[in-house]
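See below for the structure under consideration.
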Amino acid sequence: MVAAADTSIQSILQAQRAFFQTGQTQSIEFRLAQLQRLQQAIVEHQAEIVEAARADLGRPEFEAYFEIASLNEVKKALKQLKRWAKPRRVLPSIEQFPACAWVRPEPLGVVLIIGPWNYPFQLMISPLVGAIAAGNCAILKPSEHAPQTAHVVAKLIRSAFEERYVAVVEGGVEVSQQLLAERFDHIFFTGGKAIGKIVMEAAAKHLTPVTLELGGKSPCLVDDDIDLDQTAKRIIWGKFINAGQTCIAPDYLLVKQAIKPTLVAALQQAIHTFYGDRPAESPDYGRIINQRHFERLQTYLSDGTTVAGGESNPQTRYIAPTLLDNVGWDDPVMQEEIFGPILPILAYDRLEDAIAQISARPKPLALYLFSRDQEKQQQVLHSTSSGGVCVNDTVMHIAVPGLPFGGVGESGMGSYHGKAGFDTFSHHKSILKRAFWLDPGWRYAPYTAKRLQLFKRIVTK
Ligand code: NAD
């Protein structure tokens, strides 16, 4: 069984290597045509994508369209690929004269893209756009925990591309490990820290470069100089879309002590406005992916004081949008990324102390700050490190065309979206071309005193 899967992975890889060697993927016209095929396939499969997101995650249709929003990446690449792929001239210095120099982005070869279950379509397709734009062949491994979406990804990709160009290998951990045993030219992984380490270790055996899009505890700092109603709505939206299973969801709130009671009331109100009296019956609220995650999240419900939600139902894997007040840094809910619909609320008096608490922990994927005060905005921007920052909103920075998306430190390495995705899947080859018509000879032995003097002058000028 395992051997059969191994053989098929190896034969796909061989076919992709051979296809890459033909040089067909190098042509910009070819890449643009493939991006158009991808665009068309996504548009044609949208109903299936929506249905799969409902089956896998209980996603409302509106939120299923977050997956289909990966079309924006395709459109951006279609518009800008010619510019991204253009060789960039660089001025050589006098020592190389006569010469010209340039940087030529070129594809890496065959790349592997491994995805998670929380945005199971988008997190396969968006990196694939970068891989195609840069001229690579690709193998995609969607998450086994969102099986309906994995099937749709496989079907859609098969409808658009030959396997020797882009292939989907479905399966769980074993299949992922078989893929990781092979040599790729780049591995793009989205998932948790623990598996990120396994991926990096496997990649090291072949010296394969990796992009790791990981998670972490993204703090949300709330000052007292804010629009209370909008702040509450923006926090509740970012936290509870996809039932909190979003890598850049605000993980916890750090609120200026003086406004905590009013903010808590506004947050409760926003939950009510969005999901009504009984969120379990709201068509706009998702479910937890599986039993393991449901049980993990349930243990957090006994931390702090529940000021909203707290109910759960193992049959439907429902966990109410929950606010936990009076939580301490040592509580279990503050030890790991929550990745579910539970929002702990901590308080601070001095901004410096809040920043110190954030900086004492691993660098998060996102950091949110709500404050009108420009000085405080600058203070937070300059004294914290995170993959990205969004001031006075949550999550929305991921959708800005042209902003690279990625982590730093324990939240990941490398980035993508737009040109950053193209760059991630490209090698930027440096080229120097000399002419024959002049060869001053100052660098050749014998190193006479005159040549040494000239060289010293060049080096120290
Ligand atoms: P995960 O790390 O458990 O799984 C991701 C992928 O790794 C899956 O395809 C899985 O089959 C594979 N895998 C699992 N165990 C493996 C092993 N032992 N060897 C090789 N491959 C293995 O992640 P998940 O639970 O699917 O996703 C949740 C995590 O992903 C969260 O931490 C979240 O923050 C993070 N995430 C990050 C981003 C981002 O863009 N930075 C986006 C979404 C999710």
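The values are calculated or read from the model by the stated rules, or taken from the named source; none is laboratory data. Owing to the predicted nature of the structure, the values given are computational and were not obtained by experimental measurement. In this analysis, Cβ positions are derived from the backbone assuming ideal geometry, glycine residues included, and neighbour counts consider all displayed protein chains. SASA here: full protein model, heavy atoms, side chains in, ligands and nucleic acids out. Shrake-Rupley method; radii C 1.70, N 1.55, O 1.52, S 1.80 Å.
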Item to check | Local net charge near W237, Cβ-Cβ under 13 Å (Lys/Arg +1, Asp/Glu -1) | outcome: -1
Checklist entry - Where Lys and Arg each count +1 and Asp and Glu each count -1, what net charge lies around G409 among other residues with Cβ under 11 Å from its Cβ? => result +2
Checklist entry - Excluding ligands, DNA and RNA, what is the solvent-accessible area per residue of the chain at a probe of 1.4 Å, expressed in Å²? => result 46 Å²
Next on the checklist: Once you keep just the Cα pairs under 8 angstrom separated by 6 or more residues, what percentage relative contact order results for the chain?
Outcome noted: 18 percent
Next on the checklist: Give me the percent of accessible area attributable to carbon and sulfur for the chain, probe 1.4 angstrom.
Outcome noted: 55 percent
Checklist entry - When each pair of different Cα atoms in the chain is counted once in the 1/r mean, what is the Kirkwood radius in angstroms, to one decimal? => result 24.2 Å
Next on the checklist: Given all pairs of different Cα atoms, what value in angstroms does the Kirkwood hydrodynamic radius of region 81-221 take?
Outcome noted: 16.8 Å
Item to check | Mean shadow area of region 219-406 over all directions, Cα convex hull, nm² | outcome: 10.3 nm²
Item to check | Rounded to the nearest 20 debye, dipole of region 219-406 from Cβ charges on Lys, Arg, Asp, Glu | outcome: 480 debye
Checklist entry - Which residues' amide hydrogens lie under 5 Å from the amide hydrogen of L367, considering only partners 5 or more residues apart or on another chain, with H built in the peptide plane? => result G388, V389, C390
Checklist outcome for this item: Output for region 1-105: trypsin sites (Lys or Arg not before Pro) sitting in coil per DSSP, at most 15 other Cβ within 10 Å, listed by number, reads none
Checklist entry - What 222 nm value per residue comes from the helices of the chain, counting each DSSP H run with n ≥ 4 as -39,500 (n - 2.57) and dividing by all residues, nearest 500 deg cm²/dmol? => result -13500 deg cm²/dmol
Checklist entry - Sorted by accessible area (1.4 Å probe), largest first, how do F161, F62 line up? => result F62, F161
